1. May I ask you to verify whether residue 19 is touching a helix residue (DSSP H, G or I) at 6+ places or on another chain (Cβ under 6 Å) and surrounded by 12 or more Cβ atoms within 10 Å (Cβ to Cβ)?
2. Report, ordered by the first and then the second residue, all pairs with beta carbons closer than 7 Å, sequence separation of six or more or different chains, a first member in the stretch 30-47 that is free of Cβ contacts under 8 Å to residues at least 40 places away in the same chain, and a second member that is surrounded by 12 or more Cβ atoms within 10 Å (Cβ to Cβ) and not in a helix (DSSP H, G or I).
3. From 30, 75, 37, 49, which residue is farther than 27 Å from residue 6 by Cβ, under 15 Å from the mean Cα position of the chain (by Cα) and surrounded by 11 or more Cβ atoms within 10 Å (Cβ to Cβ)?
4. Would you check if residue 70 is surrounded by 11 or more Cβ atoms within 10 Å (Cβ to Cβ), at negative phi and either more than 12 Å from the chain's Cα centre (by Cα) or not in a helix (DSSP H, G or I) (or both)?
5. Only one residue in 10, 4 is assigned to a helix (DSSP H, G or I), touching a residue at least 60 places away in the same chain (Cβ under 8 Å) and surrounded by 11 or more Cβ atoms within 10 Å (Cβ to Cβ), so which one is that?
């Protein structure tokens, strides 16, 4: 596995561990902060929601967003 991709998964694992330890699961605020850390804001969330059905009408938005987050985390310095 590429080092950047491995680092992205490690960052998500760290995020998950903190959320589970502190809150027993993911809070909306925490997920929003994670998205914003990789440049996903309100405008990008609207674009994502509007365009996802064009790519795959039956796709699980959460699963696709997780893939996007992993890609953006892997690309981040």
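Every number in this text was worked out from the coordinates using simple rules, so none of it is lab data. Source: prediction; values computed, not measured. Note: ideal-geometry Cβ built from the backbone for every residue, glycine included; neighbour counts use all protein chains shown.
1. It is true that residue 19 is touching a helix residue (DSSP H, G or I) at 6+ places or on another chain (Cβ under 6 Å) and surrounded by 12 or more Cβ atoms within 10 Å (Cβ to Cβ).
2. So the pair list comes out as 38/76.
3. Only one candidate qualifies: 49.
4. no
5. From the options 10, 4, the qualifying one is 4.
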